[in-house]
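Here is the structure we will look at, set down as structure tokens.
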Amino acid sequence: MKRYSAFAVAREALTGHKGWERAWRKAQPKKRYDVVIVGAGGHGLATAYYLGKRFGITNVAIIEKGWLGGGNTGRNTTIIRSNYLQDPSAAIYEKARSLYETLSQDLNYNVMFSPRGVMMLAQTEHEVRGYLRTVHANALQGVKTRFITPAEVKKIVPIIRLDGPRYPVLGALWQDRGGTARHDAVAWGYARACSAMGMDIIQKCEVTGVRQEAGRVTGVQTTKGDIACDKLGIVVAGHSGVVANMAGFRLPIECVALQALVSEPIKPVMDCVVMANTVHGYMSQSDKGEMVIGGGADQFNNYSQRGSFHHVEETVRALIETFPMLSRLKMLRWWGGIVDMTGDRSPILSKTPLEGCFINCGWGTGGFKAIPGSGWGFAELMAKGHSPLTEEFSMWRFREGKFIDESVAAGVAH
Amino acid sequence: MLTLQCPHCGVHAEETELTGGGEAHLKRFGPGSDDDAFEGYLFLRENPKGVHFERWRHSYGCGKWFHAARCTVTMEVFGTYTAQTSKPPQDLLDRISEKRPGWRWRDLNEPA
Ligand SMILES: Cc1cc2nc3c(=O)[nH]c(=O)nc-3n(C[C@H](O)[C@H](O)[C@H](O)COP(=O)(O)OP(=O)(O)OC[C@H]3O[C@@H](n4cnc5c(N)ncnc54)[C@H](O)[C@@H]3O)c2cc1C
Ligand SMILES: [Zn+2]
């Protein structure tokens, strides 16, 4: 792999840009791998990357039915924060956030991490109390957050209206090292690094069956033939239930559509992320100048990657009350992704009833922020059989009543 | 936008008039049942990519609960039927089999 650098840009500028190489190799499946990862989204790719980087396991294939990063990783609103409530969440989300700080250097790929600050508006008395509680919890967890007053909110976000009749701004939970990153670049950066370690990323190849012998996984069936493996990692977000079914177990997960939209580009008006959970809306401004807006989730099971118009209307209607200047903007694009929801709104990183088969799913509406931390912990779980980061996120926690309840911190889509 | 015909009042109600009630035909388990049954009832919802049976409520209409059979991929609605039953009507099941040969859902004679 040729490294990217300022020097490389200068060299290529002088030589007609003929020396750039493909970011990752095209690969055809081999007969056997030590580890097969199903799903080349951010979580699958990060898992493979840390398997190689931390544990020296590089005989790895990542199998993707579409194109890499084409699932939720390429469809989200890229908010990164770690101000959750429960300790296991704080550990994995803060690990992820801190890895994001140096990810561009680690991968030699600009993921455009922008710790511009994440503001979660408190627009009801209940939210004020909830966020004060979160601030105290975060202080104990070593996650730096602060409750700010309406005056401070207005100073950071001048376009906001504080005294809306229905949704007054009563304060906000502020994490100054939260922010955004370029979603595609995160997938591409990990993919390039995996490929450079000799791993095979096999696109347009769907896993159609899981092979097992005496309760142990032995490989997968795919549209490009059978592939044997010692260990299997299922990291397919919205299709977790479908692939788990092939492996012979059930998951406490339901899939719904979550949607987002972007406006026409305008000059910079807002340099942080604002989330308004009461009205199910959140917004940031991309480097191109588009206002990136995320909305609520559908109320019914859905695999169609398509949103409902009335949710967009609800989100936009409410956001306009808090940001009146938005009313003049045209909306340009609108899309949906299928998110995998658990009952306690926390993910599953777990062994499964099938030996040698592991699952990483349930990130639902908020897993982009977690990609590096999830890959870090899940790789450890797959390599060593346990990881302090994933311990509490077992698929059996529901049965055991050990929920990691984040319905307040993650109840809205982000 | 999803529209379902309410079997009680006959209105073709659109999504905003309706409230989703999740998986249909759940069998409830209480104290004394074993861990498997209790976990299944509480947490392991059907989440099929394809034919699905659900409960819905015509909240901003007649207010009644009913059932619907729907495809979660194409959003095609196969039919709606009364809430006062523990199984979909046979003619609806036949219609689904015609359109989706080989479709599968949880065994309706088994607990959830
Ligand atoms: C509209 C929207 C907004 C969001 N906003 C945010 C946000 O602001 N912040 C945040 O942190 N999170 C957000 N999220 C959530 C976030 O996008 C996801 O949690 C995260 O991207 C999940 O990554 P993943 O790698 O697990 O899944 P994905 O990126 O979906 O990757 C899974 C891959 O598996 C592949 N696959 C599935 N089945 C098979 C098969 N049988 N064989 C082979 N491959 C298969 C799929 O094609 C897919 O590429 C949002 C999601 C949506 C939809
Ligand atoms: Zn009705």
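The values are calculated or read from the model by the stated rules, or taken from the named source; none is laboratory data. Just so you know, these numbers come straight off a predicted model, no measurement behind them. Positions of Cβ are generated from backbone atoms using ideal geometry, with glycine treated the same way; all protein chains shown enter the neighbour counts. Just the protein is used for accessible areas: all its heavy atoms, side chains included, with ligands, DNA and RNA removed. Shrake-Rupley method; radii C 1.70, N 1.55, O 1.52, S 1.80 Å.
Details
- Check on residue B:17, more than 8 Å from every other protein chain (Cβ to nearest Cβ), within 16 Å of ligand 2 (Cβ to nearest atom) and either within 21 Å of residue B:97 (Cα to Cα) or charged (D, E, K, R) (or both): yes
- Residue within the stretch A:215-223 that is hydrophobic (A, V, I, L, M, F, W, C), open to solvent by 10 Å² or more (accessible area, probe 1.4 Å) and either in contact (Cβ under 8 Å) with a residue 12 or more places away in the chain or within 30 Å of residue B:21 (Cα to Cα) (or both) present: no
- Applying a threshold of 6 Å to beta carbon distances and a minimum spacing of six or more residues, or different chains, the list of pairs starting in the stretch A:232-243 at a residue that is open to solvent by less than 10 Å² (accessible area, probe 1.4 Å) and at pLDDT 95 or above and ending at one that is assigned to a helix (DSSP H, G or I) and more than 16 Å from ligand 2 (Cβ to nearest atom) reads A:233/A:47; A:233/A:382; A:234/A:243.
- Of all the criteria given as (1) among the hydroxyl-bearing types (Ser, Thr, Tyr); (2) away from ligand 1 (no atom under 16 Å from the Cβ); (3) open to solvent by less than 40 Å² (accessible area, probe 1.4 Å); (4) within 16 Å of the chain's Cα centre (by Cα), the one not satisfied by residue B:72 is (2).
- Considering the stretch A:58-80, and only residues there that are in contact with a helix residue (DSSP H, G or I) (Cβ under 6 Å, 6 or more places away or on another chain), in a loop (DSSP other than H, G, I, E, B) and closer than 20 Å to residue A:115 by Cα, the residue that is most open to solvent (accessible area, probe 1.4 Å) turns out to be A:76.
- In the condition set (1) at the interface with chain B (Cβ under 9 Å from one of its Cβ atoms); (2) over 22 Å from the mean Cα position of the chain (by Cα); (3) within 26 Å of residue A:208 (Cα to Cα); (4) of a type in the set (Phe, Trp, Tyr), residue A:303 is compliant with all but (2).
- The requirement of being among the basic types (Lys, Arg), open to solvent by 80 Å² or more (accessible area, probe 1.4 Å) and more than 10 Å from chain A (Cβ to nearest Cβ) is fulfilled somewhere in the stretch B:57-66, by at least one residue.
- Some residue of the stretch A:361-368 being within 14 Å of chain B (Cβ to nearest Cβ) and in a strand (DSSP E or B): yes
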